[in-house]
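What follows draws every value from the coordinates through simple rules; no lab data is involved. What you see is a predicted model, and the numbers here were worked out from it, not measured in a lab. So basically every Cβ, Gly included, is an ideal-geometry build from the backbone, and we count neighbours across all protein chains shown.
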Amino acid sequence: MPTSVEEMEGALRAIGVDPAEDDDIEMQFFVHHREEIQEHRATAARREREEPAVDDDPSSAEGMPEVEEPGASGGIPVREPKPPKTSPPRPFVPGAGARVLDEVEALIRRYVILPNEEAYVAVTLWAAATHGMPAWEHATRLVVISAVKGCGKTRLFEVLQPLSEEPLSVSAATTSAITRSLEGVVRTVFHDEADTVFGPKAGSGVEKLRGIYNAGFQPGAGVLMSERDGEEGWTPRMFEVFAMVALASKGVELPDTIMDRAVVIRMRKKLPSETVGNFRQKHIPEIRALGRKLGEWVGTVPKDVEPETPLQNREADLWEPLLILADAAGGEWPTRARKAAVGLTEAEDGIAEEDRSLDLLRDIKRLWPKENGKHVPVIATVDLLGILHDDEESSWDRHDHGRQITNRQLADLLRGFAIAPTTIKVKQKSFKGYRLEWFKGVSARYLDQ
């Protein structure tokens with residue numbers, strides 16, 4: 001007597017009865033074997049959904065051998081589902097990436113004028129690094145700043161987006177939408193016109209957005225947000241926001257915590273002699289194709305390595321993915337990448353130092369002591385330092401990694417204005433200090449215009 005579901009159905013078919021179409025026999029069949037036949041048909045339906053379509057050509061069944069159930073009487077041949085195809089990982093070929101990076105750089109040069117050679121190297125490597133997410137230890141920020149409009153920031157973003165991995169433009173997005181997008185498939189954020197968010201007219205959400213971009217610099221860090229739980233309740237949930245971020249700003253310096261995590265490119269207007277190709281939407285498929293080629297190469301690069309770097313601390317962290325790719329590419333890229341890392345870092349340090357000097361000048365002008373309603377003509381260095389340290393509106397009490405500004409650092413910041421402490425005698429007392437008249441001339445030139 002048949003004992004399995006397959007044998008029972010086979011026996012019925014052997015006498016010319018289809019159990020799926022004859023209601024009477026099917027009813028008797030289900031009375032005794034209801035659960036078995038239901039499970040059998042569910043399995044068959046699932047196989048049919050998963051099995052790829054096969055035409056009449058016998059060659060189309062390659063890789064799907066026909067097998068007969070053991071012991072089946074009149075059993076129906078069953079095709080085993082074909083295992084999914086998995087492409088073997090492409091091997092890493094040392095030096096193969098140089099040609100790909102050369103192509104990417106040439107494409108960028110076709111449409112955008114960058115301020116120097118270091119910028120071309122940095123932007124090319126940054127675009128490549130987007131394809132390495134989330135394997136990196138840090139997600140390098142790219143900040144593109146110009147003093148005025150028309151310097152090519154938006155055009156640079158238009159070229160970089162199709163080159164990058166899973167890009168998202170967030171110029172007009174809310175912080176909540178950005179956070180939820182980053183937890184999905186987004187690997188690269190492009191925030192154009194960031195000056196409208198972080199500028200003087202910034203709204204209440206600026207700190208939330210800054211927190212998102214800061215937290216997303218390292219894997220594992222997240223943003224805590226409330227999520228609706230039913231119709232009335234809310235539940236806090238941590239959102240992963242690890243992603244590469246590019247921000248463009250016109251005339252506004254972005255928060256220090258973002259700038260410290262970024263490769264900074266300061267754009268300038270091109271000269272009449274500098275020409276670039278016209279960028280059109282029809283060029284995007286070509287750029288996407290190159291982006292896929294770039295991603296395929298980056299996918300072969302070993303990422304758990306520590307490159308030799310001329311930088312330290314945060315600068316070394318943000319340049320690490322770029323240097324790893326430069327070393328893997330070979331050719332001139334390792335040398336060019338380190339030159340770019342040092343050059344752009346030193347240039348930004350110089351700009352930051354200049355800005356810090358102006359901040360100091362403004363604070364000294366604001367805090368210079370008075371007697372009887374008039375500014376005193378001289379001040380001792382120790383007294384000026386004390387005033388700066390006690391001022392709650394400035395950060396001179398934590399100027400150097402949490403430490404107060406010293407007399408040497410004070411002198412270094414003022415040296416660019418040709419101001420240096422000197423020995424002053426007042427009422428038979430001598431001390432090192434500064435004269436008010438020095439600051440009046442400098443103030444008129446640097447602050448009052």
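Structure notes:
- LEU447 paired with ARG408, simple spin-label distance in nm, labels 7 Å along Cα-to-beta-carbon: 2.7 nm
- Here the simple spin-label model places points 7 Å from the Cα toward Cβ, and for LYS429 and GLU117 these points are separated by 5.8 nm.
- Full extension of the chain between ARG237 and ARG366 gives 41.9 nm of extra length, using 0.36 nm per residue less the Cα-Cα distance.
- Taking other Cβ atoms within 10 Å as a rough exposure proxy, TYR446, TYR434 sort from fewest to most as TYR446, TYR434.
- Size of charge dipole - segment 368-446 - debye, nearest 20, with Cβ of Lys, Arg +1 and Asp, Glu -1, no other charges: 520 debye
- Full-stretch length increase - GLN281, SER226 - with 0.36 nm per residue and alpha-carbon distance subtracted: 15.9 nm
- Viscosity 1.567 mPa s, 4 °C: Kirkwood-radius Stokes-Einstein D of segment 97-352 over Cα pairs, µm²/s: 70 µm²/s
- Counted by neighbouring Cβ atoms within 10 Å, the residues VAL185, VAL100, VAL426 run from fewest to most as VAL185, VAL426, VAL100.
- Set LYS270/LYS303; LYS250/LYS339; LYS365/LYS427; LYS250/LYS374; LYS270/LYS339 screened for pairs whose C-alpha atoms are more than 30 Å apart: LYS270/LYS303; LYS250/LYS374
- Percent RCO, i.e. relative contact order, over segment 181-259, from Cα pairs under 8 Å lying at least 6 residues apart: 44 percent
- If R0 equals 45 Å, the separation of the Cβ atoms of ASP397 and LEU271 corresponds to a calculated FRET efficiency of about 0.50.
- Tensor-based shape of segment 323-449 (alpha-carbon gyration tensor, a/c under 1.5 rounded, otherwise prolate or oblate): prolate
- Remark: segment 308-360 is approximated by an ellipsoid whose semi-axes, taken from the C-alpha gyration tensor as √(5λ), come to 27, 11, 6 Å, largest first.
- Of the residues VAL245, ILE284, TRP319, the one whose Cα sits farthest towards the positive end of the charge dipole of segment 97-352 is ILE284 (charges of +1 on Lys and Arg Cβ, -1 on Asp and Glu Cβ, taken about the Cα centre).
- Per-residue Cβ neighbour counts within 10 Å put TRP333, TRP368, TRP297 in the sequence TRP368, TRP297, TRP333, beginning with the fewest.
- Each label point was placed 7 Å from the Cα along the Cα-to-Cβ direction; for ALA106 and ARG155 their separation is 2.0 nm.
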